[in-house]
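What follows is a short report on a single structure.
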Amino acid sequence: MTTIIRVHCPGCSADLTLDPGEVLLTVGPGDATGYRFICRQCQARVAYPANPRLALILRHAGVPILQITDEAITAVPNVADPISASEVLVFSDAIDATDTPQDELT
Ligand SMILES: [Zn+2]
């Protein structure tokens, strides 16, 4: 049985229902914990912060987890302040450039 995740795109105001595989849970230090997805309607990369309870729910729903490490953050030169949801997108772009083994994160 598959959990459906309802999300809202701030870019085009679409309400979407996604499979867990279409969402990525990002877990990292401080405010880096969140989830992201690509909007089907406008192709926007959307990232939201997630509190620990929501992160747990997403994890149990089978959402893949991307661990954001300090290493990955320092690889992005222009960011010194605490991470906001929009900055998570920057990090994920940087991380997408490398093959991050997600299997060992479960
Ligand atoms: Zn959209």
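The values are calculated or read from the model by the stated rules, or taken from the named source; none is laboratory data. All values reported here derive from a predicted model rather than from experimental measurement. A quick note on method: Cβ atoms are made from the backbone with ideal geometry, for glycine too, and the neighbour counts reach across all protein chains shown.
Can you name every residue in region 33-52 that is more than 13 Å from the ligand (Cβ to nearest atom) and part of a loop (DSSP other than H, G, I, E, B)? 33, 50, 51, listed by residue number. Out of region 28-38, which residues are of a type outside the set (Lys, Arg) and either surrounded by 19 or more Cβ atoms within 10 Å (Cβ to Cβ) or modelled with pLDDT under 95 (or both)? Passing the criteria: 28, 29, 30, 31, 32, 33, 34, 35, 37. The residues of region 1-31 that are away from the ligand (no atom under 16 Å from the Cβ) and β-branched (Val, Ile, Thr), listed by number, are 2, 3, 4, 26, 27.
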